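Report on the following structure.
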Amino acid sequence: MDHPDSPLGKTTSYDLPYDPGLLFPIARAESRARIGLEQTLPFSGWDLWNAWELSWLDPHGKPRIAWGQFVVPADSPNLIESKSLKLYLNSLNQTRFADLTVVAELIAADLTACAGAEVEVALYEPDEWPQVVSQPAGYCLDDLPVAIDRYEPAPELLRADDTRLVHEQLFSRLLRSRCPVTGQPDWGTVEIDYEGPALDRAGLLAYLVSYRLHQDFHEQCVERIFLELLRHCRPARLTVHARYLRRGGLDINPWRSNAPSAATAPLPRGRLFRQ
């Protein structure tokens, strides 16, 4: 995947003045075409970004800090490249703003322009930060006795029992993929909530681990997992939610679902223990 104009993999300054031009969009269509997703999307969803190193100056030059949540809709034409977002947010550090509301409105306008669809932005003062640290819901796959030797996506490992219909929640903390440009590891927990033929748990774990050396963006990995589960196991209802660990003060949490209530599903305010 070649993005020569991206700041990824390049030496950059973290003392830049405010500059929305630092934001770098990446079209979703290219990666979706590679996995046969070129027509109507089979899911709804969003990419929830948590920004933990957000700061600017007040009118008197005193630093302010906040926790930011940015919600990028899954049907936006572009995702926002993560290093460019870090650089953009750092460009606020030495800029003076009247108050938190002005900063939130500015970030929302800039991210919306980059994504090509409305991005929701909420900023919270330190005493409003969530105290909730939770664990994933459902059954953990990670201690299953599975021999694994596949470390690139292997959807043929996915199997389901058509004679047994279930509704269950499964999760694994063993998801790891790699940045498609720098090769750096991206660590995450993936949660799967589905209704339909019972998934073979050992095969599912081996499949999730098979992303270990795969190079792709967080959002694109989650869409591939969703689509391959849908194609190979035919669940009537499926939700895939990955909760990645932060890098550079940002964590990315893509969520994709075909559940009827997907459009109104609440955003998580807390963090997983690993995050």
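Any idea which residue in the range 232-261 is modelled with the lowest pLDDT, counting only those that are touching a Lys or Arg at 6+ places or on another chain (Cβ under 6 Å) and of a type outside the set (A, V, I, L, M)? Among residues in the range 232-261 that are touching a Lys or Arg at 6+ places or on another chain (Cβ under 6 Å) and of a type outside the set (A, V, I, L, M), the one modelled with the lowest pLDDT is Gly248.
Ser55 passes every criterion in (1) among the small types (Gly, Ala, Ser); (2) surrounded by 18 or more Cβ atoms within 10 Å (Cβ to Cβ); (3) at pLDDT 95 or above apart from (2). If you go through the range 101-155 and keep only what is without any contact (Cβ under 8 Å) to a residue 60 or more places away in the chain, surrounded by 14 or more Cβ atoms within 10 Å (Cβ to Cβ) and β-branched (Val, Ile, Thr), you end up with Val103, Ile107, Thr112, Val119, Val121. Taking the criterion of being closer than 17 Å to Glu125 by Cβ and charged (D, E, K, R), the residues of the range 46-93 that qualify are Glu53, Asp58, Lys62, Arg64.
Those residues that are touching a residue at least 60 places away in the same chain (Cβ under 8 Å) and crowded, with 20+ Cβ neighbours inside 10 Å, I need them from the range 67-81; list them, please. Outline the logic, then answer.
First, the residues of the range 67-81 that are touching a residue at least 60 places away in the same chain (Cβ under 8 Å): 67, 69, 71, 74, 79, 81.
Result: Ala74, Leu79, Glu81.
Would you point out the residue of the range 245-266, among those that are buried (at least 20 other Cβ atoms within 10 Å of the Cβ) and not charged (D, E, K, R), that is farthest from Gln69 (Cα to Cα)? Please lay out each step first, then the result.
Here is the first cut: in the range 245-266, the ones buried (at least 20 other Cβ atoms within 10 Å of the Cβ) are 250-257.
In the following step, the residues that additionally are not charged (D, E, K, R) were identified as 250, 252-255, 257.
On the way: Leu250: 10, Ile252: 10, Asn253: 11, Pro254: 13, Trp255: 14, Ser257: 20 Å.
Within the range 245-266, the match that is farthest from Gln69 (Cα to Cα) is Ser257.
In the range 220-244, which residue that is assigned to a helix (DSSP H, G or I) and either among the aromatic types (Phe, Trp, Tyr) or in contact with a strand residue (DSSP E or B) (Cβ under 7 Å, 6 or more places away or on another chain) (or both) is surrounded by the fewest Cβ atoms within 10 Å (Cβ to Cβ)? Steps first, please.
So the first thing to find is which residues in the range 220-244 are assigned to a helix (DSSP H, G or I), and the list is 220-233.
Now drop any that are not either among the aromatic types (Phe, Trp, Tyr) or in contact with a strand residue (DSSP E or B) (Cβ under 7 Å, 6 or more places away or on another chain) (or both), which leaves 221-223, 225-226, 229-230, 233.
Working: Cys221: 26, Val222: 28, Glu223: 25, Ile225: 25, Phe226: 27, Leu229: 22, Leu230: 18, Cys233: 22.
The qualifying residue surrounded by the fewest Cβ atoms within 10 Å (Cβ to Cβ) is Leu230.
Results for (1) in contact with a helix residue (DSSP H, G or I) (Cβ under 6 Å, 6 or more places away or on another chain); (2) more than 17 Å from Leu272 (Cβ to Cβ); (3) not hydrophobic (A, V, I, L, M, F, W, C), shown as yes or no for each residue.
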residue: Asp216; (1), (2), (3): no, yes, yes
residue: Ile225; (1), (2), (3): no, yes, no
residue: Arg231; (1), (2), (3): no, yes, yes
residue: Arg234; (1), (2), (3): no, yes, yes
residue: Arg237; (1), (2), (3): no, yes, yes
residue: Val240; (1), (2), (3): yes, no, no
residue: Arg247; (1), (2), (3): no, no, yes
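Within the range 170-219, restricting attention to residues that are farther than 16 Å from Asp143 by Cβ and of a type in the set (Phe, Trp, Tyr), which residue is surrounded by the fewest Cβ atoms within 10 Å (Cβ to Cβ)? Looking at residues that are farther than 16 Å from Asp143 by Cβ and of a type in the set (Phe, Trp, Tyr), I get Trp187.
Anything in the range 156-169 that is surrounded by 15 or more Cβ atoms within 10 Å (Cβ to Cβ) and within 23 Å of the chain's Cα centre (by Cα)? List them, or say none.
Initial filter on the range 156-169 (surrounded by 15 or more Cβ atoms within 10 Å (Cβ to Cβ)): 157-160.
Leu158, the sole residue that qualifies.
Does Leu85 qualify as being assigned by TED's automatic domain parsing to the domain that holds Pro42, assigned to a helix (DSSP H, G or I) and of a type outside the set (Ser, Thr, Tyr)? Outline the logic, then answer.
Values: assigned by TED's automatic domain parsing to the domain that holds Pro42: yes; assigned to a helix (DSSP H, G or I): yes; of a type outside the set (Ser, Thr, Tyr): yes.
Yes.
The values are calculated or read from the model by the stated rules, or taken from the named source; none is laboratory data. Note that the structure is predicted; figures quoted are calculated from it, not measured. Note: ideal-geometry Cβ built from the backbone for every residue, glycine included; neighbour counts use all protein chains shown.
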